[in-house]
Amino acid sequence: MLIGIDASRANKIRKTGTEWYSYYLIRNLAKIDKKNRYLLYSKEPLREGLKDLGKNFKSKVLSWPPKFLWTQARLSWEMIRFPPDLLFVPAHTIPLIHPKKTITTCHDIGFERFPEFYSLRELYYHRWAMRFAIKHASHIITVSEFTKREMLEIYKINPQKIVVVHNGFNKNVFRSTGDQKKIQETLIKYKIKKPYILYIGRLEEKKNTLGLVKAFKELRAKNSELKTLKLLLIGQFGFGYEKVEGAIQKFNLRDEIIRPGWIKEEDRLHLMSGASLFVFPSFYEGFGIPPLEAMACGVPVVASRAASIPEVVGDAAFSVNPQDPQEIAEGMRRVLEDKNLR
């Protein structure tokens, strides 16, 4: 069987959740399946990690000078000319033209529950793409039982069409490490001093980054012994970030809240290993991989009790209400000070 995979996300340099999911899924397929033939479609030549996956893996660059509509235009054209036996798209945006056997992954439908956290353009496209995928995909993978329930409730889809496959993380990268030298070198590289609280994820409204900034202000205001704490926000800027930046300036926390942007995977390991606490206060997640990575590094976690997050972290994290910055602050204080919670 010839299986085509949209590898455009996996091939990005600056990967976040969906991109890492795509990347590691392809790499692990190459380890376990030597029988089927695979064709990876990308916008640019494949980068390290996706090249030389095996004799049964080939790649095809689908050039498309415009910066938009690659999936709906260029990938569709490829499906007309040279359709594979099965197409897999690791996100909910399948091409207009596609094989009868087309599988897609739905990571979350936050755009239905929190439309205010998306631009009008993003909102329209996500809603259209999701409904198109539901109608035309032969099967849909969701990354949590929560997302499956959400889809069944909102779209009234046949449950037999949905398969839940939970996400994982790279245990070869994220692990408890005693390499203090590497940790210190990474801290120096980003001009960070201990102690610090860590958050990893897009800096946007849906992830409740603003609520975290407010909680951090409360934590420092009510606990003088924690005045030396820094807050490290790792991730790219997303929708509503200007509110986050405005709060940082308003609360005079410019020097206490460090925002290095996107960083590579190895550096994330060392910054995570050096953290006093990892916090994940998101309003809505289809899964949420960073808390698992933190746990694998031996770092205590304070996490939102919303959406899929309780399903993912179980009782291994201290749960808080994401709508209440004071509760987030109290949760962080308790985990920082109580050794039994660490």
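Taking the charge dipole of the chain about its Cα centre, with +1 at Lys and Arg Cβ atoms and -1 at Asp and Glu Cβ atoms, the residue from SER76, PRO159, PHE117 reaching farthest to the positive side is SER76.
Any idea what the alpha-carbon Rg over 2.2 N^0.38 Å comes to for the stretch 2-164?
Against the compact-globule rule of thumb, the ratio is 1.02.
Separation of the alpha carbons by more than 24 angstrom is noted, of LYS12/LYS100; LYS43/LYS182; LYS58/LYS135; LYS35/LYS58; LYS60/LYS100, for LYS12/LYS100; LYS43/LYS182; LYS58/LYS135. The stretch 258-319 gives an Rg/Rh value of 0.96, both radii derived from C-alpha positions and Rh following Kirkwood. Considering only alpha-carbon pairs that sit under 8 angstrom and 6 or more positions apart, the relative contact order computed for the stretch 2-164 is 18 percent.
For THR186, THR142, what's the fewest-to-most ordering of other Cβ within 10 Å of each Cβ?
By the 10 Å Cβ count, ascending, the order reads THR186, THR142.
Measuring between their Cα centroids, the stretch 33-67 and the stretch 189-266 lie 37 Å from each other. Rounded to the nearest 20 debye, the dipole magnitude of the chain is 1000 debye, with +1 charges on Lys and Arg beta carbons, -1 on Asp and Glu beta carbons, and the Cα centre as origin. Shape call for the stretch 180-341 from the C-alpha gyration tensor, a ≥ b ≥ c root eigenvalues: rounded (a/c under 1.5), prolate (a/b greater than b/c) or oblate? Judged from the Cα gyration tensor, the stretch 180-341 comes out rounded (a/c under 1.5). Kirkwood radius and radius of gyration were both taken over the C-alpha atoms of the chain, and their ratio Rg/Rh is 0.98.
Annotation for the stretch 303-340 versus the stretch 127-148: alpha-carbon center distance of 29 Å.
When +1 charges are put on Lys and Arg Cβ atoms and -1 charges on Asp and Glu Cβ atoms, the dipole computed for the stretch 2-164 relative to its Cα centre reaches about 540 debye. Dipole orientation for the chain: of the candidates ALA10, VAL143, GLY274, ALA10 has the Cα lying most toward the positive pole (charges on Cβ; Lys, Arg +1; Asp, Glu -1).
Where a number appears in this text, it was derived from the coordinates with a stated rule and is not lab data. Please read all numbers here as calculations on a predicted model, not as lab measurements. Methodologically, a virtual Cβ is constructed for each residue, glycine included, from the backbone with ideal geometry; neighbour enumeration extends over all protein chains shown.
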